[in-house]
Amino acid sequence: MPVVPAVDRIQPFGTPRRWLVFAVGITSLILGISLAITAELGVGSWQVLETGLVEATGLGFGTVVLLEAAVALTVAWVWLGERPWIATVVLGFGGVGIGAVLGVLDTPASLPGRAALLALGIVLLAVGVAFYLASDLGASAQDALFVGIYRRYRIRPAVVRLAIDATAVAAGFLLGGQLGAGTVVVTFAVPALIEPALRLGHHLAATPLPEAMARSPRPDVLAADVVAAEVVDRTPPVG
């Protein structure tokens, strides 16, 4: 299978199709995060790290978040070549959307209700991340690391996502960060859902899949192609 080229940079601002997938992704991501927060069963992986850094450094939460984002963006840009772009700016104001959604949501009184809310939030979160990344209009500070690693080193996105999230949770927990049962579920569930969601997102946005996810042809199909090519090569020209 030929190597899938990168998205055509002649249209750096995207196509209507990519913008539609981007809008669906951002909306889904904001809703997913809001539902997960409302479930009150544990913070996200990066929030474990952030609350741990607050405990360890004594800095304010807002300061820690800003510094974390700046470090993540710098590392992703210098090491992986992932430059800030449209999604970086849009998601920089994502907290406004999340706050608005949280204002109309209530935490269910029963544990099954909260678990159901978390489950729906996880699905929306995975779909949201996958769709907005599949539109190839940039990434948030944290997702820039995720995208840069699986693109540069051609590692399965699910593996990269699990490694990053698990590392953030472990580091944050050791620093004294908040950790709940929902955190563990999200840490493992989102990586499990991210690749199917990416396949759908790339298909809808008409952008190429990450090379690590590109399926190789079956051995029997590949062998048949080789034999066919040899037959063509050995066939004498007509006339």
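The values are calculated or read from the model by the stated rules, or taken from the named source; none is laboratory data. What you see is a predicted model, and the numbers here were worked out from it, not measured in a lab. Glycine also receives a Cβ, built like all others from the backbone with ideal geometry; neighbour counts cover every protein chain displayed.
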Single condition residue 53 does not satisfy, out of (1) closer than 30 Å to residue 207 by Cα; (2) crowded, with 16+ Cβ neighbours inside 10 Å: (1)
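Give me the residue from the stretch 198-220 that is outside any helix (DSSP H, G or I) and under 14 Å from the mean Cα position of the chain (by Cα) and, out of that set, modelled with the lowest pLDDT.
If we filter the stretch 198-220 for residues that are outside any helix (DSSP H, G or I), which is where we start, we get 206-210, 214-218.
Then keep just the ones that are under 14 Å from the mean Cα position of the chain (by Cα); that gives 209-210.
On the way: 209: 93, 210: 90.
By that ranking, first place goes to 210.
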Condition broken by residue 195, with the remaining ones in (1) in a loop (DSSP other than H, G, I, E, B); (2) modelled with pLDDT of 95 or more; (3) closer than 19 Å to residue 32 by Cα; (4) not hydroxyl-bearing (Ser, Thr, Tyr) satisfied: (1)
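From the list 42, 52, 14, 32, pick out the single residue that is within 19 Å of residue 179 (Cα to Cα), in a loop (DSSP other than H, G, I, E, B) and touching a residue at least 24 places away in the same chain (Cβ under 8 Å).
Working: 52 fails: in a loop (DSSP other than H, G, I, E, B); 14 fails: within 19 Å of residue 179 (Cα to Cα); 32 fails: in a loop (DSSP other than H, G, I, E, B).
None of the others qualify; the one that does is 42.
Condition test on residue 158, is it in contact with an Asp or Glu (Cβ under 8 Å, 6 or more places away or on another chain), small (Gly, Ala, Ser) and surrounded by fewer than 22 Cβ atoms within 10 Å (Cβ to Cβ)? Working first, answer last.
Details: in contact with an Asp or Glu (Cβ under 8 Å, 6 or more places away or on another chain): yes; small (Gly, Ala, Ser): yes; surrounded by fewer than 22 Cβ atoms within 10 Å (Cβ to Cβ): yes.
Considered against the rule, which asks whether it is in contact with an Asp or Glu (Cβ under 8 Å, 6 or more places away or on another chain), small (Gly, Ala, Ser) and surrounded by fewer than 22 Cβ atoms within 10 Å (Cβ to Cβ), residue 158 comes out as yes.
One line per residue, one yes/no per condition, for (1) more than 17 Å from residue 185 (Cβ to Cβ); (2) in contact with a strand residue (DSSP E or B) (Cβ under 8 Å, 6 or more places away or on another chain); (3) of a type in the set (Gly, Ala, Ser):
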| position | (1), (2), (3) |
| --- | --- |
| 57 | yes, no, no |
| 71 | yes, no, no |
| 109 | yes, no, yes |
| 117 | no, no, no |
| 120 | no, no, no |
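Conditions tested, residue by residue: (1) modelled with pLDDT under 95; (2) within 18 Å of the chain's Cα centre (by Cα).
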residue: 7; (1), (2): yes, yes
residue: 11; (1), (2): yes, no
residue: 14; (1), (2): yes, no
residue: 28; (1), (2): no, yes
residue: 68; (1), (2): yes, yes
residue: 97; (1), (2): yes, no
residue: 109; (1), (2): no, no
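I'm checking my understanding of the structure. Among residues of the stretch 164-192 that are among the aliphatic types (A, V, I, L, M) and not in a helix (DSSP H, G or I), which one is surrounded by the most Cβ atoms within 10 Å (Cβ to Cβ)?
Restricting attention to the stretch 164-192, the residues satisfying the condition of being among the aliphatic types (A, V, I, L, M) are 164, 166, 168-171, 174-175, 179, 181, 184-186, 189-190, 192.
Filter once more, so that each one left must be not in a helix (DSSP H, G or I): 175, 179.
Working: 175: 17, 179: 20.
My answer is 179.
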